[in-house]
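Bear in mind that the values in this text are calculations on the coordinates, not laboratory data. What you see is a predicted model; the values in this text were computed from it and never measured. We place every Cβ from the backbone using ideal geometry, glycine too, and count neighbours over all the protein chains shown.
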Amino acid sequence: MAQKETSLSCLDGVRVLDLSQFEAGPSCTEALAWLGAEVVKIENPRSGDPGRTVLAEPGRDAFYFLIFNANKKSVTIDLKSAAGNQLVLDLARKADVFVENFAPGAVERLGLGYDVIGKINPGIRRGQPVRKQSGVRHDRAGDWRRHEHLRRAGWPAHQAGPHARRHRHGHAVVHFDPWGAL
């Protein structure tokens with residue numbers, strides 16, 4: 001018996017510009033892609049997304065990268081060059097959603113902050129998965145203290161800071177809200 005293919009297309013016509021990396025941003029934009037959005041992932045031309053090499057075999061993309069970036073288009077752009085910056089601004093003009101998870105202040109230093117993107121495309125929605133924006137030490141990327149409650153609850157995958165131990169884990173703990181971008 002032949003199976004019918006069904007695709008989720010509730011976000012057909014939605015364009016997402018994805019400047020995120022590692023887990024939080026790519027998992028959000030991955031969900032948007034599976035729901036039918038056109039997701040264009042921007043990567044560094046010298047090394048690509050850092051997740052490409054996490055536990056990867058030589059010459060192959062890591063499974064870690066593949067599971068969070070399937071069903072996306074990918075392009076390399078040097079965000080620190082004037083030409084690369086202009087390319088991103090041109091893509092943002094036509095996008096519905098702009099997602100990034102750089103360290104605090106980095107996207108603004110690149111000239112791609114929401115103040116700039118919002119001027120060229122007032123209807124664009126911005127997504128910034130998992131980033132502490134205010135309070136004590138808000139300017140530190142990946143501040144381990146915000147995950148202290150997870151460590152105390154027994155989630156060793158999020159141990160960090162002065163008493164960190166390195167180990168692998170089989171699950172991910174991510175704040176995941178693809179609808180927040182819409």
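Observations on the structure shown:
- Percent of Cα pairs in segment 15-130 per distance bin of 5 Å, from zero to the largest separation: 2, 12, 23, 26, 20, 11, 4, 1, 0.
- Summing Cβ point charges (Lys, Arg +1; Asp, Glu -1) relative to the Cα centre of segment 15-130 gives a dipole of roughly 260 debye.
- HN-Hα J in Hz across segment 50-62 - Karplus 6.51, -1.76, 1.60, θ = phi - 60°, x for Gly and Pro: x, x, 4, 9, 5, 6, 8, 6, x, x, 10, 6, 5
- The distance from the alpha carbon centre of segment 75-92 to that of segment 34-74 is 18 Å, rounded to a whole number.
- 5 angstrom amide H check on GLY127, placed H, neighbours 5+ away: PHE98, VAL99, GLU100
- Backbone amide hydrogens, once placed in the peptide plane, bring GLU43 within less than 5 Å of VAL75, THR76, ILE77, excluding anything fewer than 5 places away on its chain.
- Using θ = phi - 60° and Karplus 6.51 cos²θ - 1.76 cosθ + 1.60, couplings along segment 11-28 (whole Hz; Gly, Pro as x): 10, 3, x, 8, 10, 10, 9, 10, 9, 8, 8, 6, 8, 4, x, x, 5, 5
- Hz values of 3J(HN,Hα) by residue in segment 89-96 - Karplus curve (6.51, -1.76, 1.60), Gly and Pro given as x: 4, 5, 5, 5, 4, 9, 8, 9
- Dipole of segment 15-130 [Lys/Arg +1, Asp/Glu -1 at C-beta], most positive-end residue of LEU79, ALA92, PHE65: ALA92
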